[in-house]
Amino acid sequence: MKVELRAIRKAFGSVRANDGVNLTLEEGHIYGLLGENGAGKTTLMKILSGFLSFDSGEIRFDDEVVAIRSPAEALRHGVGMLQQDPLDFPAFSVVENFLLGWRKGRRLDRRRGKDLLRKWAEGLGFDFDPDLPVSQLTVGERQQLEIVRLLALGVKVLILDEPTTGISLSQRETLFRALKALAEGGKTVVLVSHKLQDIEELCSRVTILRKGKVVGELAAPYRTEGLVELMFGQIPSLVPRPQAALGDPVLELQDFCVEEKRLCLTAVTLSVRAGEVIGIAGVEGSGQRLFLQGCAGLRRPSSGRIFLKGIDMSAKPYGRFRSEGVAYLPANRLEEGLISGLTLTEHLLLSRKGSSFFLDRNEAREEMTSRIRSFRIVGEPETRVEFLSGGNQQRALLSFLPDRLTLLLMEHPTRGLDIESTRSVWTLLLKRREEGTAILFSSADLDEIVERSDRILVFSGGRMSTIRRAEETSAQQLGEMIGGRGL
Amino acid sequence: MRMEKVLANRLLQLLLPFSLALLFTSLVLLWAGASPIEAYGNMLRGAFGSREKWADVLVAWVPLVLCGMGLAFTFTAGLWNIGIEGQMILGAIGATWVVRLLQLPSYLLLPASILSSLLAGALWSLVAGILRIYGKVHEIFAGLGLNFLAIGLTNYLIFGPWKQPGTATMSGTEVFPSQAQLPNFGGLALGPVEIGIAGMAIGLTAILLRGTLFGLKLNAIGRNRHAAFLMGLRIDRNLFTALALAGGMAGIAGGIQALGLFHRLIPSISSGYGYLAILVVLLTGSRVLWIAPVAFFFAAVIKGSLQLPIEMHLDSSLGGVLQGALVLSVMLFRGLQSRMLKEKE
């Protein structure tokens, strides 16, 4: 089946996730869809597989325009997508998951299901026990199950979203071997990834997306530098950077480990000095968030120690971190940082110390007015935060921070902001730095990391793989390190 | 232009659903072979036909308002305090316990038993809170379970340790001595203490929720618990406080049922007012000043519908049909409205 996407547009609010994307997929090939986080890869594939609707454009299968309104409809046309987090039912057994979505017959025929499952799995070199509950499988095995399930449902176009995240090396080999076999058998495979290595190893053609647009289409073999440049745009050469005087160490980590269900951040040893800016680079979900939350006291270290200005904070609660002058600003400003439905003044009343029990709203409004002025927020004290633009939300968050901060932890400080807002946010951050606040931030923008940091941490798969001095690093090198090369 | 829009919105939010509910109830009445106009006339007379009837409406209004105010706290904090019914029952038990325990003059006994009803309701709500916060049991299920436990406890007490001398009966415990009965306005079921307490509850709730940092914190927690936590708010403590306030107010409502109305502990001491108050708060949200009038309307419907069996041989549960239809249609219109807004975007 030939698949054509024509001039697909999709906006989320003011963000254009797909801005007129064209893509043609022919039978029997493995396609790569490459781009950094937020480039629009997943959105495009979710549109093709019916998980998202689109604003304009058209989808053609074998030169016929089709309407895909749901994942079930896409499956009927033969398009199936393996999501980044497998959409299975952990409480059910493998065979029960396999049988879900079968449209024929009412009776749940487990025996026939098992036979079919075995046949499909053997054909692809997969191996799992059909009676095991899915909750006991590894991520890689759950992926395999999902692939088998989709194929058994008659999928001709198989889309995989970041399939190599969180699986072992041997599972990766098995997966790649299976995908190659499928392509040889005439299926179309689409691999969504931001890992250069995956693309180079597997895909015969690659389409590169940046900021919702197709910026290049290449056929194998690829030049790594070419791919990096297309992914991240023009990479500027090293810029001279102002030196700032650093103070005493404020944050010290000794063999610091944090764990989450899917990800375990392995031991980090690091010392951060007052006024130092550290950028954290890496593919999203490589442990940056876990690391920042661990430093903020939101997650207890599973082993190792964390010291703030010499005090051992390893077993202290979040509230204690806050009172020691630690602040954490999450990536989702409106979901985690601010409270929709409340006004700027109300946020000020809640976040500053020493608000009296009986509220003095007039006084707070005046205070907020002056902060609005000094932080250049476009809005009124009585504006509800959800009506602020992204840049104003970020400046508002910064305006609520206490006067004296030891350590500021930020995820994606300028994500979604325009150039002007980005500059003003960094002006505010650098002022903090001059006051002696150490800043740790994660970002998908390599230029931002290289330009703003003193040192750079690179994370991949829950490992802090490298610490580098920013002045000795170019965005190009950084891009390759993230892509899993040139460590 | 903007005023018109606001007005149109109000109309959509109130008048339309109200008409829809009336229409639905009228259809039910017609189906039962009765004249809707006659039925509504009877309900009006049943609610406001005489001094006594006015008083009866207020007797139902007081517990509805107390529970409604309590629920305003938990609602603001984002908790579904279904356990309000059980908290009310425990309040009645708490009051009865003090009445049976202490031999005191009225001016000491009544405050003591009202205080006891407050504490009993608050403690019962904290059980739900502990289950919620430390046991990860959703408060809806915790509350529902505790409601059944509270009913069981009442029946056990009435048929066991607190049974009437001689034989235990469904009619409840022994009647309280006169010093344990709330005073009333000459011959009416209503007294000054109940009205005073309801008024104080309204005032206290309005001030706490609208004018204090505590109210603002509950609001923040209710809207986004995670963000509130990141902002440094103490979530558990505030949720417990909200629950305790709700339980305390519901407890007093139960205490008043025992001390002021039934003068004893009976099996269905709460009259279902806790659940009804949940409907009231569903209609008003936690807008405190709306709770009182809506509760009044509900109370009038309850008392007014009692007239139906007497005058027209209809079942008084028609009042419930009207209340239920009203809540459902208001929610329906709210849903439709937000859907329209979404589609406009």
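The values are calculated or read from the model by the stated rules, or taken from the named source; none is laboratory data. What you see is a predicted model; the values in this text were computed from it and never measured. Heads up, the Cβs are rebuilt from the backbone with ideal geometry, glycines too, and the neighbour counts pull from every protein chain shown.
Restricting attention to region A:194-224, the residues that are among the acidic types (Asp, Glu), more than 16 Å from A:Gly40 (Cβ to Cβ) and without any contact (Cβ under 8 Å) to a residue 40 or more places away in the chain add up to 2.
Considered as a group, the residues in region B:181-190 that are modelled with pLDDT under 90 and either in contact with a helix residue (DSSP H, G or I) (Cβ under 6 Å, 6 or more places away or on another chain) or within 16 Å of B:Cys67 (Cα to Cα) (or both) include one that is surrounded by the most Cβ atoms within 10 Å (Cβ to Cβ), and that residue is B:Leu190.
Taking region A:25-61 as the range and being within 12 Å of A:Val3 (Cα to Cα) and among the polar types (S, T, N, Q) as the test, only A:Ser49 passes.
The set of residues from region A:1-53 being assigned to a loop (DSSP other than H, G, I, E, B) and under 16 Å from the mean Cα position of the chain (by Cα) comprises A:Gly35, A:Glu36, A:Asn37, A:Gly38, A:Ala39, A:Gly40.
Within the option set A:Arg60, A:Arg69, A:Arg111, being surrounded by fewer than 15 Cβ atoms within 10 Å (Cβ to Cβ) and part of a strand (DSSP E or B) holds for one residue only, A:Arg60.
Residues in region B:101-114 that are surrounded by fewer than 18 Cβ atoms within 10 Å (Cβ to Cβ), part of a helix (DSSP H, G or I) and not hydrophobic (A, V, I, L, M, F, W, C) were compared, and the one that is modelled with the lowest pLDDT is B:Ser106. Taking region B:231-250 as the search range and keeping residues that are within 14 Å of chain A (Cβ to nearest Cβ) and under 15 Å from B:Leu209 (Cα atoms), which one is surrounded by the fewest Cβ atoms within 10 Å (Cβ to Cβ)? Once the filter is applied, the top-ranked residue is B:Thr241. Within region B:209-220, the set of residues being more than 9 Å from chain A (Cβ to nearest Cβ) and more than 19 Å from the chain's Cα centre (by Cα) comprises B:Leu218 only. Looking across A:Leu405, A:Leu348, A:Leu334, A:Leu401, one residue alone is surrounded by fewer than 22 Cβ atoms within 10 Å (Cβ to Cβ), among the aliphatic types (A, V, I, L, M) and touching a Phe, Trp or Tyr at 6+ places or on another chain (Cβ under 7 Å). It is A:Leu348. Residues in region B:171-180 that are under 24 Å from the mean Cα position of the chain (by Cα) and either within 14 Å of chain A (Cβ to nearest Cβ) or surrounded by fewer than 21 Cβ atoms within 10 Å (Cβ to Cβ) (or both): B:Ser171 only. Only one of the listed residues (B:Ala120, B:Ala201) is surrounded by 21 or more Cβ atoms within 10 Å (Cβ to Cβ), over 21 Å from B:Leu265 (Cα atoms) and not aromatic (Phe, Trp, Tyr). That residue is B:Ala201. Among (1) at pLDDT 85 or above; (2) surrounded by 14 or more Cβ atoms within 10 Å (Cβ to Cβ); (3) under 27 Å from A:Met1 (Cα atoms); (4) out of contact with any Ser or Thr (no Cβ under 8 Å at 6 or more places or on another chain), which single condition is A:Ile159 missing? Against the list (1) at pLDDT 85 or above; (2) surrounded by 14 or more Cβ atoms within 10 Å (Cβ to Cβ); (3) under 27 Å from A:Met1 (Cα atoms); (4) out of contact with any Ser or Thr (no Cβ under 8 Å at 6 or more places or on another chain), A:Ile159 comes up short only on (4). Taken together, B:Ala206, B:Ala198 contain a single residue that is touching a helix residue (DSSP H, G or I) at 6+ places or on another chain (Cβ under 7 Å) and either at pLDDT below 95 or under 28 Å from A:His347 (Cβ atoms) (or both), which is B:Ala206. Against the condition surrounded by 15 or more Cβ atoms within 10 Å (Cβ to Cβ) and of a type in the set (Ser, Thr, Tyr), how does A:Ser93 come out, does it pass? Yes: the conditions hold for A:Ser93. Close contacts from region B:13-27, counting a first residue that is assigned to a helix (DSSP H, G or I) and a second that is surrounded by 16 or more Cβ atoms within 10 Å (Cβ to Cβ) and of a type in the set (Ser, Thr, Tyr), with Cβ to Cβ under 7 Å and a gap of 6+ residues or different chains, come to B:Pro17/B:Ser329; B:Leu20/B:Ser329; B:Ala21/B:Ser329. Residues being hydrophobic (A, V, I, L, M, F, W, C), surrounded by 15 or more Cβ atoms within 10 Å (Cβ to Cβ) and out of contact with any Asp or Glu (no Cβ under 8 Å at 6 or more places or on another chain) are represented in region A:76-85 by at least one member.
Farther than 15 Å from B:Trp61 by Cα and either among the small types (Gly, Ala, Ser) or in a helix (DSSP H, G or I) (or both): is that true of B:Leu282 in this structure? Answer is yes for this residue. Might you check whether a residue that is away from every other protein chain (no Cβ under 11 Å), within 22 Å of B:Gly232 (Cα to Cα) and in contact with a Lys or Arg (Cβ under 7 Å, 6 or more places away or on another chain) occurs anywhere in region A:410-418? For region A:410-418, residues away from every other protein chain (no Cβ under 11 Å), within 22 Å of B:Gly232 (Cα to Cα) and in contact with a Lys or Arg (Cβ under 7 Å, 6 or more places away or on another chain): present. Scanning region B:221-230 for residues that are within 7 Å of chain A (Cβ to nearest Cβ) and in contact (Cβ under 8 Å) with a residue 60 or more places away in the chain returns a single hit, B:Arg223. Taking the criterion of being free of Cβ contacts under 8 Å to residues at least 40 places away in the same chain and either under 17 Å from B:Ala258 (Cβ atoms) or in contact with a Lys or Arg (Cβ under 6 Å, 6 or more places away or on another chain) (or both), the residues of region B:114-158 that qualify are B:Leu115, B:Tyr156. For region A:334-387, the tally of residues that are free of Cβ contacts under 8 Å to residues at least 40 places away in the same chain, part of a loop (DSSP other than H, G, I, E, B) and of a type outside the set (Phe, Trp, Tyr) stands at 11. Scanning region B:30-54 for residues that are under 13 Å from B:Glu311 (Cα atoms) and acidic (Asp, Glu) turns up just one, B:Glu38.
Every residue, every condition in (1) within 10 Å of another protein chain (Cβ to nearest Cβ); (2) out of contact with any strand residue (DSSP E or B) (no Cβ under 7 Å at 6 or more places or on another chain), yes or no:
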position: A:Gly287; (1), (2): no, no
position: A:Lys309; (1), (2): no, no
position: A:Pro317; (1), (2): no, yes
position: A:Pro330; (1), (2): yes, no
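Can you find, within region A:349-381, the residue that is farthest from B:Leu208 (Cα to Cα) among those that are at the interface with another protein chain (Cβ under 9 Å from one of its Cβ atoms) and among the hydroxyl-bearing types (Ser, Thr, Tyr)? Here the answer is A:Ser351.
Here's the yes/no breakdown for (1) free of Cβ contacts under 8 Å to residues at least 40 places away in the same chain; (2) of a type in the set (A, V, I, L, M, F, W, C):
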site	(1), (2)
A:Phe400	no, yes
A:Asp403	yes, no
A:Asp418	yes, no
A:Thr427	yes, no
A:Lys431	yes, no
A:Gly436	no, no
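The residues listed here are B:Gly248, B:Gly320; of these, the one that is part of a helix (DSSP H, G or I), modelled with pLDDT of 90 or more and under 25 Å from B:Phe148 (Cα atoms) is B:Gly248. For B:Ala325, the criteria (1) over 19 Å from the mean Cα position of the chain (by Cα); (2) in a helix (DSSP H, G or I) hold in every case but one, which is (1).
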